[in-house]
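The values are calculated or read from the model by the stated rules, or taken from the named source; none is laboratory data. What you see is a predicted model, and the numbers here were worked out from it, not measured in a lab. All Cβ positions, even for glycine, are placed from backbone atoms using ideal geometry, and neighbour counts span all protein chains on display. Keep in mind that these areas ignore ligands, DNA and RNA; they rest on the heavy atoms of the full protein, side chains included. Shrake-Rupley method; radii C 1.70, N 1.55, O 1.52, S 1.80 Å.
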Amino acid sequence: MKLLCATGNNHKFGIGQHTCAKFGIELEQAIFEVDEIQSENAEEVITKKAIAKYELAKQPLLVSDDFWAIPGLKGFPGPYMKSINHWFTPKDFVNLTRKLSDRTIILQQFLAYYDGHETVVFSHDIPGVLLTDPRGNEGPPIMKVVSLEGDGGLSIAEVYDQGKAHATDRINGRKDAWYQFAEWYSAKQN
């Protein structure tokens, strides 16, 4: 079964492809530029994004968005990470968080499926830790200063640099948003 996945982020698309393939779902990548609403409500942002992209695609689709929360900074940057990644360098993140005693960061994954009638949102939090020095080359600035749970202390960028972004040992143990979606969509089709 095929489904449109409306994301320009090749990393997210690759993870989605890897997970969905296990459930017999073939994702087809499509890129649609839409104006995203500004809100601190992640479900509102992802739902509006799904509806806007559906209006362009005219077919059922899945959209993905990640939000980042640093508890020591009262949840900053949340849904504003895309903008922050344009402004901040990895060193800016290190400088901003250098004095935090709580170095926790949470990757908040959100997926929204929309078919013109029904919107279903899937979410999963993946805890991580803020690093004190940037490491790795791949991806936006935040990926060089965060190590996610299950990545053995490597920054996200280092994981991607090693080609392990979709490695079975990295994501098989996670019942993340992609897994939740694939399980739901597979059951919905049968």
* To do: Using only Cα atoms, find the angle between the long axis of helix 177-189 and the longest principal axis of the chain, and express it within 0 to 90 degrees, rounded to the nearest 10.
  => 10 degrees
* Between GLU55 and LYS91, what is the spin-label point distance in nm, taking each point 7 Å from the Cα along the Cα→C-beta axis? -> 4.3 nm
* Charge dipole magnitude, Cβ of K and R +1, D and E -1 - the chain, Cα centre, debye nearest 20 -> 300 debye
* Could you please put ARG135, ARG98, ARG174 in sequence from largest to smallest accessible area, using a 1.4 Å probe? => ARG98, ARG135, ARG174
* Structure fact -> Among VAL146, TRP178, LEU27, the residue whose Cα sits farthest towards the positive end of the charge dipole of the chain (+1 at Cβ of Lys and Arg, -1 at Cβ of Asp and Glu, taken about the Cα centre) is VAL146
* What angle do you read, to the nearest 10 degrees and between 0 and 90, between the alpha-carbon axis of helix 42-57 and the longest principal axis of the chain? -> 50 degrees
* Solution diffusion estimate, µm²/s, Stokes-Einstein, segment 44-83, Kirkwood Rh from C-alpha pairs, 20 °C, viscosity 1.002 mPa s -> 186 µm²/s
* Would you grab the residues whose amide H sits under 5 Å from the one on GLU138? Only those 5+ places off in sequence or on another chain, please, with H modelled 1.01 Å from N. => ASP161
* How big is the antiparallel share of DSSP beta bridges in the chain, given as a percent to the nearest 5? -> 80 percent
* Please work out the ratio of the alpha-carbon Rg of segment 85-135 to 2.2 N^0.38 Å and round it to two decimals. => 1.64
* Asked: Considering only protein heavy atoms, what per residue accessible area in square angstrom results for the chain with a 1.4 angstrom probe?
  -> 50 Å²
* Give the share of C-alpha pairs in each 10 angstrom bin for the chain, from 0 to the last occupied bin, in whole percents, shortest bins first. => 9, 36, 36, 16, 2, 0
